[in-house]
1. Calculate one ³J(HN,Hα) per residue across segment 141-157 by plugging θ = phi - 60° into the Karplus curve 6.51 cos²θ - 1.76 cosθ + 1.60, and present them in order as whole Hz with x for glycine and proline.
2. Provide Rg over Rh for segment 91-138; use the alpha carbon set for both Rg and the Kirkwood Rh (inverse mean inverse pair distance).
3. Can you give me the % of accessible surface on segment 58-129 that is carbon or sulfur? Probe 1.4 Å, all protein chains present, nothing else counted.
4. With the other protein chains left in place, how much accessible area per residue, in square angstrom, belongs to segment 80-180 at a 1.4 angstrom probe?
5. Considering lysine pairs in segment 57-180 that are 8 or more places apart or on different chains, how many have Cα atoms under 18 Å apart?
6. Dividing the convex hull volume of the Cα atoms of segment 125-180 by its residue count, what figure in Å³ per residue is obtained?
7. Name the residues whose placed amide hydrogens come within less than 5 Å of the amide hydrogen of G103, ignoring near sequence neighbours (fewer than 5 apart) on the same chain.
8. In the full protein assembly as shown, how much of K174 is accessible to a 1.4 Å probe, in Å² to the nearest 10?
Amino acid sequence: MKHCTCNSLPDAGRRSFFASAASAVAAAGVIATSAMAAEPARAQPAPLGGQRKFMEEAARLAIESVEKGWGGPFGAVITRDGEIIGRGQNRVLLKGCEIYITGAPCAMCMSAIYWSRIDHVYFASTLTDTSAIGFDDAYQYEDFAKPWDKRRIAVSEAFERDLGLKAFKAWTDKKDRHQY
(Lines give C-alpha, C1' and ligand atoms only; values in the text may rest on other atoms or scores of the structure.)
Protein backbone atom coordinates (compact mmCIF):
# COMPACT_ATOMS: atom_id res chain seq x y z
CA MET A 1 0.00 0.00 0.00
CA LYS A 2 1.25 3.49 -0.82
CA HIS A 3 1.48 6.07 1.92
CA CYS A 4 0.29 9.60 1.35
CA THR A 5 2.25 12.60 2.53
CA CYS A 6 -0.69 14.96 2.04
CA ASN A 7 -0.82 15.97 5.70
CA SER A 8 2.80 17.12 5.64
CA LEU A 9 2.03 19.77 3.04
CA PRO A 10 2.38 23.38 4.23
CA ASP A 11 -0.69 24.91 5.81
CA ALA A 12 -2.62 21.68 6.22
CA GLY A 13 -4.91 23.53 8.63
CA ARG A 14 -6.15 25.91 5.94
CA ARG A 15 -6.69 23.01 3.55
CA SER A 16 -8.58 21.12 6.23
CA PHE A 17 -10.77 24.13 7.01
CA PHE A 18 -11.59 24.65 3.34
CA ALA A 19 -12.43 20.98 2.94
CA SER A 20 -14.82 21.29 5.90
CA ALA A 21 -16.40 24.43 4.47
CA ALA A 22 -16.75 22.81 1.05
CA SER A 23 -18.34 19.74 2.65
CA ALA A 24 -20.81 21.97 4.48
CA VAL A 25 -21.68 23.76 1.25
CA ALA A 26 -22.08 20.43 -0.55
CA ALA A 27 -24.24 19.07 2.26
CA ALA A 28 -26.43 22.17 2.15
CA GLY A 29 -26.72 21.74 -1.60
CA VAL A 30 -27.86 18.14 -1.25
CA ILE A 31 -30.51 19.14 1.28
CA ALA A 32 -31.65 22.04 -0.87
CA THR A 33 -31.79 19.89 -4.01
CA SER A 34 -34.96 18.13 -2.95
CA ALA A 35 -36.67 21.48 -2.39
CA MET A 36 -35.67 23.07 -5.74
CA ALA A 37 -38.45 24.06 -8.07
CA ALA A 38 -38.31 23.70 -11.85
CA GLU A 39 -37.36 27.38 -12.11
CA PRO A 40 -34.72 28.06 -9.45
CA ALA A 41 -34.79 31.25 -7.40
CA ARG A 42 -31.77 33.48 -7.95
CA ALA A 43 -29.96 34.66 -4.83
CA GLN A 44 -29.33 38.38 -4.66
CA PRO A 45 -25.59 39.12 -4.75
CA ALA A 46 -23.90 41.45 -2.28
CA PRO A 47 -23.45 45.07 -3.37
CA LEU A 48 -20.69 45.33 -6.00
CA GLY A 49 -18.49 47.55 -3.84
CA GLY A 50 -17.89 44.75 -1.34
CA GLN A 51 -17.45 41.94 -3.84
CA ARG A 52 -14.11 43.10 -5.22
CA LYS A 53 -12.42 42.53 -1.84
CA PHE A 54 -13.49 38.90 -1.97
CA MET A 55 -12.05 38.47 -5.46
CA GLU A 56 -8.86 40.23 -4.31
CA GLU A 57 -8.48 37.63 -1.55
CA ALA A 58 -9.12 34.78 -4.03
CA ALA A 59 -6.44 36.25 -6.34
CA ARG A 60 -4.00 36.62 -3.41
CA LEU A 61 -4.51 32.96 -2.53
CA ALA A 62 -4.00 31.95 -6.17
CA ILE A 63 -0.74 33.85 -6.42
CA GLU A 64 0.44 32.38 -3.10
CA SER A 65 -0.28 28.89 -4.43
CA VAL A 66 1.89 29.59 -7.48
CA GLU A 67 4.70 31.21 -5.50
CA LYS A 68 4.90 28.35 -3.01
CA GLY A 69 4.67 25.64 -5.67
CA TRP A 70 1.47 24.14 -4.32
CA GLY A 71 -0.42 24.08 -7.60
CA GLY A 72 -1.97 26.22 -10.31
CA PRO A 73 -3.13 29.86 -10.21
CA PHE A 74 -6.49 29.28 -8.59
CA GLY A 75 -7.84 30.55 -5.29
CA ALA A 76 -11.35 30.71 -3.85
CA VAL A 77 -13.25 32.19 -0.96
CA ILE A 78 -16.71 31.28 0.31
CA THR A 79 -18.74 34.12 1.83
CA ARG A 80 -21.90 34.41 3.86
CA ASP A 81 -23.50 37.69 4.88
CA GLY A 82 -20.48 39.68 3.71
CA GLU A 83 -17.92 37.64 5.67
CA ILE A 84 -15.39 35.08 4.43
CA ILE A 85 -16.21 31.70 5.97
CA GLY A 86 -13.83 29.54 3.92
CA ARG A 87 -10.75 29.91 1.72
CA GLY A 88 -8.72 27.55 -0.37
CA GLN A 89 -6.11 27.23 -3.05
CA ASN A 90 -5.29 24.89 -5.87
CA ARG A 91 -3.22 22.07 -4.39
CA VAL A 92 -2.95 19.30 -6.92
CA LEU A 93 0.40 17.75 -6.14
CA LEU A 94 -0.90 14.60 -4.37
CA LYS A 95 0.60 11.79 -6.46
CA GLY A 96 1.07 8.57 -4.57
CA CYS A 97 -2.18 8.92 -2.61
CA GLU A 98 -5.28 6.75 -2.40
CA ILE A 99 -8.76 7.74 -1.19
CA TYR A 100 -11.36 5.59 0.56
CA ILE A 101 -14.97 6.79 0.44
CA THR A 102 -18.16 5.29 1.88
CA GLY A 103 -20.19 6.26 -1.20
CA ALA A 104 -19.55 6.81 -4.90
CA PRO A 105 -17.90 10.21 -5.38
CA CYS A 106 -20.23 13.04 -6.37
CA ALA A 107 -19.36 15.40 -9.22
CA MET A 108 -17.56 17.82 -6.87
CA CYS A 109 -15.53 15.10 -5.18
CA MET A 110 -14.62 13.32 -8.39
CA SER A 111 -13.46 16.56 -9.96
CA ALA A 112 -11.25 17.23 -6.93
CA ILE A 113 -9.92 13.67 -7.15
CA TYR A 114 -9.00 14.10 -10.83
CA TRP A 115 -7.32 17.45 -10.24
CA SER A 116 -5.41 16.28 -7.18
CA ARG A 117 -3.95 13.40 -9.18
CA ILE A 118 -4.91 10.81 -6.55
CA ASP A 119 -3.80 7.42 -7.84
CA HIS A 120 -6.69 5.20 -6.77
CA VAL A 121 -10.28 5.59 -5.58
CA TYR A 122 -11.96 2.95 -3.43
CA PHE A 123 -15.68 3.39 -2.71
CA ALA A 124 -18.19 1.17 -0.98
CA SER A 125 -21.74 2.17 -2.01
CA THR A 126 -22.64 2.57 -5.69
CA LEU A 127 -24.35 5.51 -7.43
CA THR A 128 -27.55 3.44 -7.44
CA ASP A 129 -27.25 2.87 -3.68
CA THR A 130 -26.64 6.57 -3.14
CA SER A 131 -29.59 7.61 -5.31
CA ALA A 132 -31.86 5.17 -3.47
CA ILE A 133 -31.35 7.07 -0.20
CA GLY A 134 -32.04 10.49 -1.77
CA PHE A 135 -28.61 11.69 -2.85
CA ASP A 136 -29.09 11.87 -6.62
CA ASP A 137 -26.94 14.41 -8.43
CA ALA A 138 -28.10 13.73 -12.00
CA TYR A 139 -29.50 17.29 -12.17
CA GLN A 140 -25.94 18.62 -11.85
CA TYR A 141 -24.80 16.90 -15.01
CA GLU A 142 -27.84 18.28 -16.84
CA ASP A 143 -27.08 21.78 -15.55
CA PHE A 144 -23.39 21.58 -16.55
CA ALA A 145 -24.44 21.26 -20.20
CA LYS A 146 -26.33 24.58 -20.13
CA PRO A 147 -24.86 28.02 -20.92
CA TRP A 148 -23.80 30.03 -17.84
CA ASP A 149 -26.90 32.26 -17.96
CA LYS A 150 -29.32 29.30 -18.00
CA ARG A 151 -28.01 27.43 -14.94
CA ARG A 152 -29.82 26.90 -11.64
CA ILE A 153 -27.26 29.02 -9.79
CA ALA A 154 -26.58 32.60 -10.89
CA VAL A 155 -23.12 32.92 -12.50
CA SER A 156 -21.26 36.17 -13.21
CA GLU A 157 -18.70 35.39 -15.89
CA ALA A 158 -15.49 37.50 -16.14
CA PHE A 159 -16.26 39.29 -12.84
CA GLU A 160 -13.17 41.33 -11.83
CA ARG A 161 -11.28 39.56 -14.64
CA ASP A 162 -8.18 41.71 -14.10
CA LEU A 163 -7.62 40.04 -10.71
CA GLY A 164 -7.81 36.55 -12.17
CA LEU A 165 -5.42 37.49 -14.93
CA LYS A 166 -2.86 38.71 -12.34
CA ALA A 167 -2.83 35.21 -10.87
CA PHE A 168 -2.49 33.70 -14.35
CA LYS A 169 0.47 36.02 -15.06
CA ALA A 170 2.16 34.86 -11.84
CA TRP A 171 1.72 31.31 -13.14
CA THR A 172 3.09 31.96 -16.63
CA ASP A 173 6.02 33.96 -15.20
CA LYS A 174 7.05 31.16 -12.81
CA LYS A 175 9.98 29.35 -14.39
CA ASP A 176 9.79 26.20 -12.22
CA ARG A 177 6.03 25.67 -12.30
CA HIS A 178 4.55 22.18 -12.16
CA GLN A 179 3.24 21.11 -15.54
CA TYR A 180 -0.25 19.60 -15.64
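1. In residue order, the calculated couplings are 5, 5, 5, 4, 6, 8, x, 3, 7, 10, 7, 4, 9, 4, 10, 10, 6 Hz.
2. 1.03
3. 58
4. For segment 80-180, the solvent-accessible area averages 70 Å² per residue.
5. 7
6. 152
7. HN-HN under 5 Å from G103: A124, S125.
8. My reading of the accessible area for K174 is about 40 Å².
The values are calculated or read from the model by the stated rules, or taken from the named source; none is laboratory data. Note that the structure is predicted; figures quoted are calculated from it, not measured. Calculation scope for accessible area: heavy atoms of the full protein, side chains included, ligands and nucleic acids excluded. Shrake-Rupley method; radii C 1.70, N 1.55, O 1.52, S 1.80 Å.
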